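The next block holds one structure in the form of structure tokens; read it before the comments.
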Amino acid sequence: MWDYCSEAWARKFFENWRAQLKWQRLKSYEKFAEMIERHWDGIAAYGDPRNKVSLGFVEGLNNKIRVIQRRAYGLHDEEYLKLKVLTCMLPEL
């Protein structure tokens with residue numbers, strides 16, 4: 001299901017998988033299927049290629065946040081930390 005690029009195909013796969021579960025009567029799988037149904041919007045958004053972010057960007061941002069936290073050791077102002085994280089990716093003037 002995670003490899004489909006189209007929400008319609010992923011939904012069709014999920015519905016077929018869920019229909020096969022009805023005959024097995026396994027409570028844990030039924031509970032899992034209900035959880036997927038509740039979170040379907042997020043799962044469908046995951047498959048949309050426009051929502052993909054490169055892992056290099058994410059890792060770089062995480063590293064910058066760690067450096068900011070390390071440099072701000074002893075400061076307890078969370079708003080200042082949020083501001084520094086938000087402004088660390090802005091271009092220099």
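The values are calculated or read from the model by the stated rules, or taken from the named source; none is laboratory data. Because the structure is predicted, anything quoted here is derived from the model rather than measured. Cβ placement follows ideal geometry from the backbone for every residue including glycine, while neighbour counts extend to all protein chains displayed.
When LEU81, LEU61 are screened for being touching a residue at least 24 places away in the same chain (Cβ under 8 Å) and either among the small types (Gly, Ala, Ser) or assigned to a helix (DSSP H, G or I) (or both), only LEU61 passes. Quickly run through the stretch 1-22 and pick out the residues that are hydrophobic (A, V, I, L, M, F, W, C) and modelled with pLDDT of 80 or more. ALA8, TRP9, ALA10, PHE13, PHE14, TRP17, ALA19, LEU21 - these are the residues of the stretch 1-22 that are hydrophobic (A, V, I, L, M, F, W, C) and modelled with pLDDT of 80 or more. Going by the conditions given, is ASP48 touching a helix residue (DSSP H, G or I) at 6+ places or on another chain (Cβ under 9 Å) and in contact (Cβ under 8 Å) with a residue 40 or more places away in the chain? In short, yes.
On the stretch given as the stretch 50-78, residues that are among the hydrophobic types (A, V, I, L, M, F, W, C) and under 23 Å from the mean Cα position of the chain (by Cα) total 6.
Select from the stretch 53-78 the residues that are surrounded by 11 or more Cβ atoms within 10 Å (Cβ to Cβ) and of a type in the set (Lys, Arg) and list them in ascending order. Selection gives LYS64 alone. Only a single item in (1) exposed (fewer than 10 other Cβ atoms within 10 Å of the Cβ); (2) over 22 Å from the mean Cα position of the chain (by Cα); (3) at pLDDT 80 or above is not met by LEU81, and it is number (1).
Considered as a group, the residues in the stretch 23-37 that are of a type in the set (D, E, K, R), exposed (fewer than 13 other Cβ atoms within 10 Å of the Cβ) and farther than 20 Å from ASP3 by Cα include one that is modelled with the lowest pLDDT, and that residue is ARG25. The residues of the stretch 22-58 that are outside any helix (DSSP H, G or I) and among the hydrophobic types (A, V, I, L, M, F, W, C), listed by number, are TRP23, LEU26, VAL53.
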